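Down below is the structure, laid out as structure tokens.
Coordinate-derived values only; no laboratory data. Given the structure is predicted, the values throughout are model-derived calculations rather than measurements. Using ideal geometry, Cβ is built from the backbone for each residue, glycine included, and neighbour counts are taken over all protein chains shown.
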């Protein structure tokens, strides 16, 4: 290697390493801000308190409270572990880079660069979590998908969205519990309601609320024509004991019916499915996926409580908007297009985020859309 080429190569290595130092310092500052928002001393104190409650010998005398306490402890332990792991990785990368510079080890420098790429992605994902500061953001999510305009294609689209969200949950290790499924006659779903049980599930998925639009060659059209269909997604926070949603028995009508599956086939031979009508508001919810009538009634009441809670939140929001003199926001309208013909693209109509691989999106790769939606919503909140 000539002297000039060697000098240029050495200068390039110095610049590359300085760039890594700059990136590492920026990641360290980002993690520090996340740690400050998480308030690690407070988080550790909460874990200690919950650990004491879990150790109580009479904990499981109240099973619902026991499940709530153990779930909170698990979530907070996971949060602390995630933050601790990231801090360790940042410190390790700093030490590796320092050693690599001292020894002129190009392989280790390349290894640090790859780790910084991974750290940047993980820290950015955690940064988005710090933007979830709404009243109910930390709760589980109750999601309802409904087929809208588009006939059998819309029903099929609703089922595709159900798979998309369950695949997304599977990728993150989140538990999904389906409460009610209404099958369409030919294919797909008229509607489905399910809970995603994970820390900040509501705050995360709430940006998915709105009308989703699918454009494709219809598999149900024997002439192979392009079809546009729509499905609506509703996301609510799951209620907790502290919400004080009082539903007097006189305010509800409970109807029982036989659970059914695709094509109208009977799932069981007893009238175990439950439909509850809230008489003052006209809200109707149903549940048929549990084994007993009592379980279905309890699940349906939880769904009704969530809808009443959201109704109360919207009423408060409308009052505040009226006081502020604006007309509220309409971000929950048509929000994403999935185009499979004549080109391949999924585009969020609010954030402008788009990708060219609908198959991957329908397979649950929606984190980038969710992150962009959360950042977009936070900017909109600040601007208002």
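Within 10 Å, count the other beta carbons around each residue, average over each peptide in 150-157, 49-56, and list them highest first.
My ranking of the peptides, most packed first, is 150-157, 49-56.
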Is region 3-130 best put as rounded, prolate or oblate by its Cα gyration tensor, with a ≥ b ≥ c the root eigenvalues, rounded for a/c under 1.5, and otherwise prolate when a/b is larger than b/c, oblate when not?
prolate
Expected unfolding gain across residue 108-residue 345 under the 0.36 nm per residue rule, minus the alpha-carbon gap, is 81.5 nm
Between [x] 37, 26, 20; [y] 44, 29, 20; [z] 29, 25, 22, which matches semi-axes √(5λ) of the Cα gyration tensor in Å calculated for the structure shown?
[y]
Among 212, 172, 353, which comes first, then next, by fewest other beta-carbon atoms within 10 Å?
172, 353, 212
The chain: angle of helix 106-130 to the longest principal axis, Cα-based, in degrees nearest 10
30 degrees
Helix 367-383 vs. the chain, principal-axis angle (Cα, 0 to 90°, nearest 10):
90 degrees
To the nearest 10 degrees, how steeply does helix 3-38 sit against the main Cα axis of the chain, on a 0 to 90 scale?
40 degrees
19 Å reach of a label modelled at residue 225, 7 Å along Cα-to-Cβ, counting backbone N of region 338-366
340-343
Projected label distance in nm at residue 74 and residue 56, using a 7 Å step from Cα toward the beta-carbon:
2.0 nm
Relative contact order [Cα under 8 Å, 6+ residues apart], region 141-383, whole percent:
21 percent
Distance in nm between residue 250 and residue 125 label points, each 7 Å along Cα→Cβ, equals 5.2 nm
What whole number of Å gives the distance from the Cα centroid of region 146-168 to the Cα centroid of region 196-220?
9 Å
